[in-house]
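Trainee: Supplied in structure tokens, the structure appears directly below.
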Amino acid sequence: MTSESKARILLVDDDPRNLAALDAVLSDLGILVAAPSGEAALRQLLGHEFAVVLLDARMPGMDGFEVARLIRSRERSRHTPIIFLTGAYEDMSSVFRGYEAGAVDYIVKPLNTDILRSKLRIFIDLYEKSAGLAREIAERKLIEARLRASEGSLRGLTARLESVLEEERTPI
């Protein structure tokens, strides 16, 4: 798989140590893009599509819940899976806030990397299948447009041929 076709995973955490640890554990799954803040994450989402977003709940400035709501409010990222990955907000009300903000999962540290990797593989697989379907749809639309153009040309040629045949049949 080329780097252009590999899925992107957005890692959002204000702690560089957490980003480095995630990079070490997940680097073989796709293209990892690190964002040290919610604002940086939103900028990344403006320019790229992601298979999944791993999002810290507690960050200075814009917290993860607000970032998740903004991700969901944008058409381009509305369906991008968000997984909260945090050592904070372990109570049920915070977990509920995460789901309410649009998360598909809420994982509290310490995390089991095998479980995280398995969950990410599922979202990456779904992303790749969706991208493949989108490519097939675009190809089919192109083929259909070419077919319509060919049919139009064929109708024109048929009409011209009928006209020539009619002229040949008409006595002078």
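The values are calculated or read from the model by the stated rules, or taken from the named source; none is laboratory data. No experiment lies behind these values; they were computed from the predicted model shown. Backbone-built Cβ (ideal geometry, glycine too); neighbour counts: all protein chains shown. What goes into the accessible areas is simple: the full protein's heavy atoms, side chains included, and nothing from ligands, DNA or RNA. Shrake-Rupley method; radii C 1.70, N 1.55, O 1.52, S 1.80 Å.
Trainee: Is at least one residue of region 66-81 more than 25 Å from Ser130 (Cα to Cα) and open to solvent by less than 20 Å² (accessible area, probe 1.4 Å)?
Mentor: Checked region 66-81: no residue is more than 25 Å from Ser130 (Cα to Cα) and open to solvent by less than 20 Å² (accessible area, probe 1.4 Å).
Trainee: Only one of Leu19, Leu10, Leu29, Leu45 is open to solvent by less than 50 Å² (accessible area, probe 1.4 Å) and either among the acidic types (Asp, Glu) or assigned to a strand (DSSP E or B) (or both); which?
Mentor: The conditions single out Leu10.
Trainee: Return the residues of region 48-67 that are in contact with a strand residue (DSSP E or B) (Cβ under 8 Å, 6 or more places away or on another chain) and assigned to a helix (DSSP H, G or I); say none if nothing qualifies.
Mentor: The answer is Gly64, Val67.
Trainee: OK, next. For region 108-147, which positions are among the aliphatic types (A, V, I, L, M), at pLDDT 90 or above, open to solvent by less than 60 Å² (accessible area, probe 1.4 Å) and out of contact with any helix residue (DSSP H, G or I) (no Cβ under 8 Å at 6 or more places or on another chain)?
Mentor: Result: Ile124, single match.
Trainee: If Glu166 passes every condition in (1) surrounded by 10 or more Cβ atoms within 10 Å (Cβ to Cβ); (2) in a helix (DSSP H, G or I) but one, which one does it miss?
Mentor: Condition (1) is where Glu166 drops out.
Trainee: Confirm whether Ala34 is crowded, with 18+ Cβ neighbours inside 10 Å, at pLDDT 95 or above and not in a strand (DSSP E or B).
Mentor: no
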